[in-house]
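To keep things clear, I will list the structure first and then write my remarks on it.
The values are calculated or read from the model by the stated rules, or taken from the named source; none is laboratory data. The structure displayed is predicted, hence computed values, not measured ones. Cβ atoms come from the backbone with ideal geometry, glycine included; neighbour counts cover every protein chain shown. Side chains are part of the model used for accessible areas, which takes the heavy atoms of the whole protein and leaves out ligands, DNA and RNA. Shrake-Rupley method; radii C 1.70, N 1.55, O 1.52, S 1.80 Å.
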Amino acid sequence: MEKEKQATTSTPTPRASSQDKPKARGAKGPISLFQQIKEGIEDACYIWKKEMKSTVKDEGVLIFFLLVPFFYPLLYSWAYNNERPNEVTVAVVDMSHSGNSRQFIRQYDASPDVKVAYKCNDMNEARELVRRQVVHGIVYIPSDFDTKINRMEQSTISVYCDMSLMLTYKAIYQTAVAVSQEMGKEIQIALSGNHTDREDQITTQPLAYEEVQIFNPTGGYGSFIIPAVLMLIIQQTLVLGIGLSAGTARENNRYQELVPISRHYNGLFRIVIGKSMCYFMIYAVVSAWLTLVVPRIFSFTSIFQPVELLGFMLPFILACIFFGMVVSCMVRYRENVMLLVVFASVPLLFLSGVSWPQNNIPGYWQGFSWLFPSTFGVRGFVRMNSMGASLQDVQQEYFILWIQALVYFFVTCLVYRYQISHTRKNAREKIDLLREQVLAAKRQKEKVS
């Protein structure tokens, strides 16, 4: 019993060695939590600095991060600066040759939206002008136009429009309707036999109405489409730039890996946070330019509150950044991301619900559009910018953007975790292969000697 007791008391208890705990760089003792946080911040800042340098040195990334967001919206806005098409060319075929037909043509030509560019002898000549795209529409006045008016019968004027462009169709058709209604009022007044202007007003317009264009006073196409395009530019240029940067990193890496083998890249969150800080700093300036400056340069409708817009743009930019980082992990060559992203630009604009009513989009396409931050970014920004909505009014889009930012952040972490493990695995395989080659060379040398 005494021997067993001595044996138990004399046995030393095992102690945790310093090798079992992480150590700080250059330190002999175990690393503390404070040192881990400090090293993580230092590594994140190092990755941010390196990513910023590679962005400045890479011409392709610089083009998509700076040149395209700064100059493309200007060119796009200049193209729609007139808001509405003016002086749309029209050919007139007047088979009546009467005073009423000439009055109709004069009033039609006096409109700022259309211009009577040609007066043709027959429809074949007018069709040839439309075929050559010299004019965008035809106004046909039949030979019995004046005769039916004098007989107090309903007369007809035919309008033929080029439907390839809806804006020109709208200008040609609405001008013809407005002129015909005005001439109809004059005929009603002449035949009514009224004695006062008030009686004439009641005769021609028994039910008065007032047309008010809400949220787009000019009815312009630029104020309608430019806000959606600006948000889409933020997403697409971010994804293109991040994808090009990832492709460059793979091409410059000896083993064609996205994550380099370095002591600064020895952590998941420091890589994701370091890269995203670089992109966020750049696009904080780019987003301010696109949302605050560009609409005011061209006097587009812009009635948002800057503080609330800042709160809305924060999750949108973060969601776009992490979405771009997920896409970049699928890119092995610089050119692939351009083919993928540029192809999706127009469909994403349609799926946002701006150019086509959201309720008329099929359910499966709406579900597919929820994968992209631009869908909810466009909807929220258009309501805030053009309709004066508050952050509370776009609460649904705001929450979904935060959800997308969080989901894509964790997906980015998972993807980069795979990239890190894949890089380490390949590095170990390369080292083992080199060791085998060195041992084989030594054996060969010993045999020779």
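Around SER386, under 15 Å between beta carbons, what's the net of Lys plus Arg minus Asp minus Glu among the other residues?
On the way: positive: ARG296, ARG379, ARG383; negative: GLU83, GLU308, ASP393, GLU397.
Here the count lands on -1.
Given only helices, namely DSSP H runs of n ≥ 4 each adding -39500 (n - 2.57), what is the per-residue ellipticity at 222 nm of the chain, to the nearest 500 deg cm²/dmol?
It lands at -21500 deg cm²/dmol.
Give me the number: length gained by fully extending LEU165 to VAL307, i.e. 0.36 nm times residue separation minus the C-alpha to C-alpha distance, one decimal in nm.
47.3 nm
Report the extension gain between THR156 and PHE215 in nm, rounded to one decimal, defined as 0.36 nm multiplied by the number of residues separating them, less their alpha carbon distance. Could the numbers behind the result be given before it?
On the way: separation 59, 0.36 × 59 = 21.24 nm, distance 3.58 nm.
Full extension of this stretch gives 17.7 nm more.
Note down the nm distance, to one decimal, between modelled labels 7 Å out along Cα→Cβ at GLN358 and at LEU191.
If labels sit at GLN358 and LEU191, their model points lie 4.9 nm apart.
Amide H neighbours of MET95 under 5 Å, counting only residues 5+ apart in sequence or on other chains, H built in-plane at 1.01 Å?
Answer set, sorted by chain and number: ILE141.
With a 10 Å radius around each residue's Cβ, average the other Cβ atoms per peptide and rank 337-349, 222-234, highest first.
222-234, 337-349
As a test of reading the structure, rank SER158, SER101 by solvent-accessible area (1.4 Å probe, protein chains only), most first. Don't skip to the answer; put the middle values down first.
Working: SER158 35, SER101 0 Å².
Largest accessible area first, the list is SER158, SER101.
If you take the alpha carbon radius of gyration of the range 55-156 and divide it by 2.2 N^0.38 Å, what ratio comes out, to two decimals?
1.81
If I take R0 = 25 Å and measure r between the Cβ atoms of ARG84 and ARG132 in this structure, what FRET efficiency does the formula 1/(1 + (r/R0)^6) give, to the nearest 0.05?
0.55
For an R0 of 41 angstrom, estimate the FRET efficiency from the Cβ-Cβ distance between TYR118 and VAL346 and round to the nearest 0.05.
0.75
I'd like the accessible area for HIS97, computed on protein heavy atoms only with a 1.4 Å probe and all protein chains in place. Round to 10 Å², please.
130 Å²
Residue by residue through the range 157-168, what is 3J(HN,Hα) from phi via Karplus (6.51 cos²θ - 1.76 cosθ + 1.60, θ = phi - 60°)? Round to whole Hz and write x for glycine and proline.
These are the phi-based 3J(HN,Hα) values: 10, 9, 10, 10, 10, 7, 7, 5, 9, 5, 5, 5 Hz.
Any idea how far the Cα center of the range 321-383 sits from the one of the range 155-224, in Å?
Using only Cα atoms, the two centres lie 40 Å from each other.
Under 5 Å between amide hydrogens, which residues at least 5 positions from LYS115 or on another chain qualify, with H placed 1.01 Å from N in the peptide plane?
VAL88, THR89, VAL90
Give the carbon-plus-sulfur fraction of the accessible surface of the chain in %, rounded to a whole number; probe 1.4 Å, heavy atoms of protein chains only. Present the calculation step by step, with values, prior to reporting the outcome.
Details: 15940 of 26910 Å².
Carbon-and-sulfur percentage of accessible area, whole number: 59.
Just reorder GLU59, GLU397 by solvent-accessible area, largest first, 1.4 Å probe, all chains present.
In descending accessible area the options line up as GLU59, GLU397.
In a GNM of the chain with a 10 Å cut-off on Cα contacts, which of ALA190, ALA44, ALA249 has the highest mean-square fluctuation?
Looking only at ALA190, ALA44, ALA249, the biggest GNM fluctuation is shown by ALA190.
Give me a comma-separated list of calculated 3J(HN,Hα) values for the range 195-212, in order, Karplus coefficients 6.51, -1.76, 1.60 applied at θ = phi - 60°, integers in Hz, x for any Gly or Pro.
Calculated HN-Hα couplings, in order: 10, 10, 5, 5, 5, 5, 5, 5, 5, 7, 9, x, 10, 7, 9, 10, 8, 10 Hz.
Mind grabbing the accessible area of PHE410 for me, 1.4 Å probe, Å², rounded to tens?
Answer for PHE410: close to 120 Å² accessible.
If R0 is 56 Å, what FRET efficiency do you get for LYS430 and VAL407 from their C-beta distance, rounded to 0.05?
Numbers: r = 35 Å, r/R0 = 0.62.
Efficiency for this residue pair is about 0.95.
Going from most exposed to least, what order do LYS170, LYS447 have by accessible area with a 1.4 Å probe? The partial results should precede the final answer.
Working: LYS170 90, LYS447 160 Å².
Of LYS170, LYS447, the descending order of accessible area is LYS447, LYS170.
For the range 343-449, what relative contact order do you get, as a whole percent, if you take Cα pairs closer than 8 Å and at least 6 residues apart?
Averaging sequence separation for qualifying contacts and normalising by length gives 16 percent for the range 343-449.
Using the Karplus curve 6.51 cos²θ - 1.76 cosθ + 1.60 with θ = phi - 60°, work out ³J(HN,Hα) for each residue of the range 358-367 in order, rounded to whole Hz, and write x for Gly and Pro.
Couplings: 4, 5, 8, 7, x, x, 5, 6, 5, x Hz.
Tell me the relative contact order for the chain as a rounded percent, counting alpha carbon contacts under 8 Å between residues six or more apart.
Computed over the chain, the figure is 17 percent.
In nm, to one decimal, how far is the modelled label at TYR46 from the one at ASP144, with both set 7 Å along Cα→Cβ?
9.2 nm
What spacing in nm lies between the two simple spin-label points modelled at ALA208 and GLN35, each 7 Å away from Cα in the Cβ direction?
Computed distance between label sites ALA208 and GLN35 equals 8.5 nm.
Could you order the peptides 63-69, 402-408, 365-371 from most to least packed, using the average number of other C-beta atoms within 10 Å per residue?
63-69, 402-408, 365-371
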